[in-house]
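Below: one structure, written as structure tokens.
The values are calculated or read from the model by the stated rules, or taken from the named source; none is laboratory data. This is a predicted model, so every value here is computed, not measured. Neighbour counts run over all protein chains shown; Cβ positions are idealised from the backbone, glycine included.
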Amino acid sequence: MNILVTNDDGIDSPGIYALVHALREIATVYVVAPDRQQSAVGHALTVSTPLRATPFKRDNEFFGTAVDGTPADCVKLAFSSLLQDVKIDLVVSGINHGYNTAINVLYSGTVSAATEGMLLGVPSMAVSLGTFSWDADMKVAAKTAQYVASRYFELEIPKDTILNVNVPHLPEEQIKGIKITQQGHGEWIDKYEQRFDPQGKPYYWIRGVYNNLDGISYSDDVAVEQGYIAVTPITFKLTDVETMNKLKNLF
């Protein structure tokens, strides 16, 4: 099996390093990832500047290709150019620092990279760990990614669906298991903090507080809060069919 690994935290992140090492036990792994932090860029593509792809080393060995673009850029470039002669069987995006649950999937570069893989006709999954700490232990998330990837083709996931995996930041013995969930319902209460640069000119820095609005046990937010690994099948068919049918009757 050939797996393409990417992320949005950058090719030098601890998350992608742990993920690659875990997946190498079950597959041949190719890495094409952003050369810098690209969190919350969503499904953005680079259209006004050229993309540069550079070999990247870790531990003095070739690790993958760093791209000065977005996560979705990385997947597109990998399939169209960098790995065009390789049959990629699975795209795995992560391990992200911080949950990608509920509304966060709309902003997430991690989830968008997996979505791009799905749009290109390749089975895809995203993996996130519930902490922003750069020193976090990635073992449980990496082991989870390896397990789900090894079983992916048994699961008969539809072609227009990705798996979104969120892992609590807990010791393995405290993880209660895997729960199949639905995308939760939460919101960000945003505030833009005004600051001033050395010249006295104002700039703004976003400061958000996340509010989980769910009470159902099978939502992703609730599952991870309860100590479960949340696995959510996500599709991006955005049409509101009920309203569409109402409008057909009115027009």
* Inspect the range 107-119 for any residue being at pLDDT 95 or above and more than 20 Å from residue 67 (Cβ to Cβ) and give the result as yes or no. => no
* Residue list for the range 194-241, restricted to those being out of contact with any Gly (no Cβ under 9 Å at 6 or more places or on another chain), hydroxyl-bearing (Ser, Thr, Tyr) and surrounded by 10 or more Cβ atoms within 10 Å (Cβ to Cβ) -> 203, 204, 217, 218, 235
* **Whichever residue in the range 123-139 is surrounded by fewer than 22 Cβ atoms within 10 Å (Cβ to Cβ) and among the hydrophobic types (A, V, I, L, M, F, W, C) and, among such residues, is farthest from residue 165 (Cα to Cα)** => 134
* **Flag if residue 67 is crowded, with 24+ Cβ neighbours inside 10 Å and over 25 Å from residue 232 (Cβ atoms)** => yes
* To do: Collect the residues in the range 1-57 that are of a type in the set (S, T, N, Q), part of a loop (DSSP other than H, G, I, E, B) and touching a residue at least 60 places away in the same chain (Cβ under 8 Å), keeping them in residue-number order.
  => 7, 13, 38, 39
* To do: Kindly establish whether residue 215 is within 26 Å of residue 131 (Cα to Cα) and modelled with pLDDT under 85.
  => yes
* Can you pull out the residues in the range 1-60 that are of a type in the set (Ser, Thr, Tyr) and under 15 Å from the mean Cα position of the chain (by Cα)? -> 6, 13, 17, 39
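List the strands (runs of 3 or more DSSP E) that sit entirely inside the range 101-211 and contain at least 2 residues that are in contact (Cβ under 8 Å) with a residue 24 or more places away in the chain, within 30 Å of residue 46 (Cα to Cα) and touching a Pro at 6+ places or on another chain (Cβ under 7 Å).
Qualifying strands (runs of 3 or more DSSP E): 161-167.
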